[in-house]
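The values are calculated or read from the model by the stated rules, or taken from the named source; none is laboratory data. Predicted, not measured: the structure shown is a model, and the values here were computed from it. Backbone-built Cβ (ideal geometry, glycine too); neighbour counts: all protein chains shown. For accessibility, only protein heavy atoms count, side chains too; no ligands or nucleic acids. Shrake-Rupley method; radii C 1.70, N 1.55, O 1.52, S 1.80 Å.
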Amino acid sequence: MSSLINSMTGEDFKNIAFEIDEDHEPYKVLETLKKYCPEKIKPMSNDDTYYLSFKDGSLCFLFGNQKPIKVDFLNPALKKIFGQISKKDIFCKAIGLKEDLTCVYDLTAGFGQDTFLVSKFVDHVVWVERNPLVCLLLEDGLRRLQVDYPDTSAKFKIVHADGLEFLKSTNLEEKSTIYFDFMFENKKSKSNKEMAFLKHITHFDKPIEAVQYIKDTVSITQKRVVLKAKEFEKDKLKPKHVFEGKTVKYFIFV
């Protein structure tokens with residue numbers, strides 16, 4: 001993990017300052033952050049202060065009165081879904097699992113839960129995430145998963161990069177799918193604590209930017225491209241197919 005942080009030196013931390021919890025220094029994470037980004041790690045007002053900590057064996061963020069925010073692939077609810085998911089589920093159909101898929105490239109990884117589920121059926125999942133702090137939480141989540149499920153954890157790779165830049169510099173596996181789940185602003189919806197945290201440390205994607213992003217992706221590769229969203233501006237880019245779930249839709253391109 002320290003090597004991951006070393007590769008992030010000079011990164012823009014979205015103008016979010018962090019107050020360091022001095023009691024925990026796993027893998028020298030905190031020491032490395034303080035060494036390379038001293039001007040970006042400083043106290044903010046009490047309402048806005050974030051704490052990067054190592055609590056109960058997990059790297060996590062603490063803020064406000066929220067419970068620790070961490071990536072946990074071992075939580076009972078996710079394990080239950082993992083055990084029950086099948087290739088007949090709408091998400092699996094949208095991803096293209098019936099076509100002998102071997103790899104999924106999640107170019108908007110976030111906390112990785114969606115594509116974590118399909119790892120049950122594929123050989124590899126590549127998480128591409130542009131926010132370095134989210135990468136840290138993903139890395140720590142895999143570390144804990146490896147203890148009990150080493151074969152599953154070995155399927156994943158974390159890449160700290162912009163999705164398009166990654167595609168331009170990578171030879172994708174032959175039988176693979178590219179997956180997007182952009183973070184659009186929806187003032188009417190209520191966010192859970194993890195989503196609220198992601199919204200705090202990242203920026204919202206604009207629908208028109210997402211359209212261009214997908215156009216660029218399609219121009220770079222002829223792989224199956226899947227967009228998860230409630231709605232999509234189909235007049236600007238027509239999908240090949242749409243899978244409709246109860247709350248979201250999966251738009252398929254190429």
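Measuring between alpha carbons in the structure, the pairs from LYS80/LYS236; LYS80/LYS215; LYS70/LYS240; LYS67/LYS88; LYS88/LYS234; LYS67/LYS238 lying more than 32 angstrom apart are LYS80/LYS236; LYS80/LYS215; LYS70/LYS240; LYS67/LYS88; LYS67/LYS238.
A simple charge model with +1 on the Cβ of Lys and Arg, -1 on the Cβ of Asp and Glu and nothing else charged puts the dipole of the range 74-124 at about 280 debye relative to its Cα centre.
Per residue, how much accessible surface does the range 71-117 expose to a 1.4 Å probe? Answer in Å², no decimals. Present the calculation step by step, with values, prior to reporting the outcome.
On the way: 2100 Å² over 47 residues.
That works out to 45 Å² per residue.
Using the structure shown, select from LYS87/LYS168; LYS168/LYS223; LYS93/LYS249 the pairs with a Cα to Cα distance greater than 22 angstrom.
Details: LYS87/LYS168 30 Å; LYS168/LYS223 13 Å; LYS93/LYS249 12 Å.
From the list (LYS87/LYS168; LYS168/LYS223; LYS93/LYS249), the Cα-Cα distance tops 22 Å for LYS87/LYS168.
Note on THR102 and ASP148: with the Förster distance fixed at 25 Å, the Cβ-Cβ geometry gives a FRET efficiency of about 0.55.
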